[in-house]
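Worksheet: the structure to be examined is printed underneath.
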Amino acid sequence: MSRATRVMASRQGRVTMAILAVLPVGGGCGGQPSLPDVFGPAPIAYADTLPIAEPAEVAHSELSALMKASVKDEVGRALSVRRRISGSPEALNVTSMDDVVGSSWFEPRITARPMSPASLAHGPPGADPDTAFTLTVVGAKVGGVSPGFTVRDRKGDTYLLKFDPVGHPALQSAADVISSRLFWAAGYNVPRDVVIAFDRADLDIAPGTTIETVDGPRPMRTDDVDEILRQVDALPSGRYRALASLFVPGTPKGPFRFEGTRHDDPNDYYPHEHRRELRGLWVLAAWTEHVDLRFQNTLDVWIENPGYLAHYLIDFGATLGSRSIRIGNAREGREYSFDLGASLARMATLGLYRVGWEGTNDDPMHPSIGWIATKSFDPAGWKPFWPNRAYRNMTARDGYWGAKLVGAFTRSHLEAAVAEARYPDAAAAEEILDILEYRQEKVLRHWYGQVAPVEHVTVRLEPGSDAAAARMAIGFQDLGLTGGLWSAAETRYSWRLVDERGRVLYAGEVGAMDEASQTIRVSEGVRSGSTVPTSGARYLTLKLSTVRPGASDRSARITLVPDGSGFRVAGLVH
């Protein structure tokens with residue numbers, strides 16, 4: 001083991017012990033009040049990009065791992081009394097403002113700063129294939145159900161070319177381009193995927209290129225290229241449409257799992273099932289119907305300078321109404337590939353047990369779209385093909401975080417993503433836009449209703465002679481109102497200002513505030529008879545609840561700490 005590895009392993013152990021030391025353990029020791037989350041250790045941005053020794057490439061047995069995870073998840077869900085009663089523990093890598101920092105897993109983009117539709121349309125960094133010149137074939141897949149090429153362009157960049165299934169122009173390629181743009185804009189690492197068109201004459205074979213056959217590898221011939229192209233539809237012009245996926249920078253080191261840590265990566269100190277960006281990923285997957293987001297569609301990549309692993313999501317062809325080689329159907333998104341509960345129910349009733357999706361008409365909406373649920377889409381009950389521990393551990397706070405990513409996309413953003421898909425039919429482009437917006441609203445209504453969706457909290461002292469606590473005006477933004485999900489007239493806010501021992505200082509209730517004037521004025525509340533002086537308080541807490549029809553009564557906890565002559569917002573927990 002190198003010195004750098006030993007140092008990082010030691011650092012990992014110290015960080016883990018620090019995390020364990022501040023995990024909640026009930027009401028505190030000796031009658032002392034528990035500290036709020038704001039006083040715990042804060043995640044450090046990009047701390048997991050410190051130089052480490054280069055890990056080896058790993059491989060996993062996909063089918064056995066998926067079956068094991070599926071059975072384990074289903075049996076565990078049925079038998080875990082503790083899980084049903086207490087729920088999952090909260091994610092470990094959360095900031096005092098209930099967010100995540102940039103890392104080798106996730107870099108806040110559309111929620112961190114304004115993003116233009118043009119920036120979203122361009123997507124991940126990298127250049128498109130130079131199709132004005134010959135594309136050199138350096139590899140090919142001639143068997144199986146999804147033929148394709150690996151090509152290199154004049155610039156020396158390498159791309160994987162994938163084709164749409166016969167009879168469904170743009171099905172896979174459009175879905176991939178749209179979804180990869182959305183996941184990238186949200187903050188995840190993804191390849192740069194674009195739609196291209198080329199002539200047969202544009203393909204040449206690099207010397208030494210081989211293909212695999214039943215008799216072993218042999219040199220690739222021009223008729224092999226012709227055979228692959230005979231398996232796909234040509235455009236009316238005689239050219240071929242393909243999805244070109246740029247190889248990501250760095251050296252592939254195998255997929256990552258949605259649980260545990262990677263033993264040869266000292267930077268990997270948060271168990272994956274307790275990373276918020278992997279838990280909240282479920283919400284984006286549900287929105288885009290990414291049912292095939294399993295570990296085999298992930299990739300760890302070694303970035304040589306300075307030397308760390310970056311974590312990618314790859315292959316978005318099985319999203320929206322596409323399943324890469326076919327269209328989607330009504331069962332997908334409603335049941336796991338192996339769904340223990342539904343399977344047992346069908347066996348016990350000799351097949352008489354039926355659920356809602358079994359009566360759904362899942363004929364293709366359009367040849368280029370396939371089939372995707374709209375009215376039957378359930379953002380709370382959605383299921384991918386295969387479960388994983390990160391998804392299973394998702395809490396309401398994690399789901400709300402993921403929903404904020406979904407809610408950050410405007411119609412203009414979605415239009416930009418869909419334009420990059422280059423649908424051959426404008427009606428298909430318009431329909432997929434409407435579907436994305438419809439499912440987006442359902443996602444937001446559900447997850448914003450699970451918490452008090454309070455953001456952008458500010459605090460100021462208004463003029464007066466009363467104590468500072470009484471002069472506080474606390475402003476905020478209610479995403480349920482700014483998103484148009486609920487009206488100000490049907491929304492009320494109840495609140496309590498408490499000291500560090502939990503004693504109520506002031507309390508009140510207000511309503512009918514429009515999104516431009518969402519402010520709690522402590523002076524307008526009722527002062528508690530047990531009020532104690534706050535001049536020496538280490539912190540105060542505002543517990544703010546949103547009350548409205550169709551949404552759960554949930555509170556946000558805002559931590560305020562003294563800051564000179566006033567207070568500042570130091571923490572927010574939804």
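Which residue, chosen from G148, P191, G167, occupies the Cα position most advanced towards the positive end of the dipole of the range 143-195, where the dipole is computed from +1 (Lys, Arg) and -1 (Asp, Glu) charges on Cβ about the Cα centre?
The one lying farthest along the dipole's positive direction is P191.
Where the Cα atoms of the range 441-563 are projected onto their three principal axes, how long is each span, largest first, in whole Å?
46, 27, 25
If I stretch the segment between E335 and D434 completely, what's the gain in nm (0.36 nm per residue apart, minus their alpha carbon distance), one decimal?
Length gained between E335 and D434: 33.2 nm.
Grab every C-alpha pair in the range 210-267, bin the distances at 5 angstrom width from 0 up to the longest one, and report whole percents.
Calculated over all Cα pairs of the range 210-267, the distribution is 4, 11, 12, 12, 14, 14, 12, 9, 8, 4, 1 percent.
By how many nm would the segment from T213 to T458 lengthen if fully extended, with 0.36 nm per residue of separation less the alpha-carbon distance?
So the extension gain works out to 81.6 nm.
Report the equivalent ellipsoid semi-axes for the range 385-518 in whole Å, largest first, defined as the square roots of five times the eigenvalues of the gyration tensor built from alpha carbon atoms.
Over the Cα atoms of the range 385-518, the ellipsoid semi-axes are 39, 19, 12 Å.
So, by mean Cβ neighbours within 10 angstrom, what's the order for 370-378, 321-329, 496-504, 294-302 with the highest one leading?
The densest-packed peptide leads the list: 321-329, 294-302, 370-378, 496-504.
Got a sec to turn the phi values of the range 408-421 into Karplus ³J(HN,Hα) couplings, 6.51 cos²θ - 1.76 cosθ + 1.60 with θ = phi - 60°, whole Hz, x for Gly and Pro?
My calculation for the range 408-421 gives 6, 8, 8, 4, 5, 4, 5, 4, 5, 5, 5, 4, 5, 6 Hz in order.
State log₁₀ I(q)/I(0) for the range 437-486 at q = 0.29 Å⁻¹ as given by the Debye formula over alpha-carbon point scatterers of equal weight, solvent excluded.
-1.03
Could you calculate, for the range 126-194, the ratio of the Cα radius of gyration to the Kirkwood radius, expressed as Rg to Rh?
My calculation puts Rg/Rh at 0.99.
For A380 and T111, what is the calculated FRET efficiency with R₀ set at 22 Å and r taken between the beta-carbons, to the nearest 0.05?
Here the calculated transfer efficiency is 0.50.
Express the relative contact order of the range 367-523 as a whole percentage, based on alpha carbon pairs under 8 Å and six or more residues apart in sequence.
19
Place a label point 7 angstrom from the Cα of V547 along the Cα-to-Cβ direction, then list the residues of the range 431-469 whose backbone nitrogen is under 19 Å away.
449-454
Could you compute how fast the range 193-291 diffuses translationally, taking Rh as the Kirkwood radius over C-alpha pairs and applying Stokes-Einstein at 20 °C with viscosity 1.002 mPa s? Give it in µm² per second.
117
Read-outs throughout are calculated quantities, based only on the coordinates presented, and are distinct from any laboratory measurement. All figures in this text were calculated on a predicted structure; none of them were measured in a lab. Don't worry about glycine lacking a Cβ; one is built from the backbone with ideal geometry, like all the others, and counts go over all protein chains shown.
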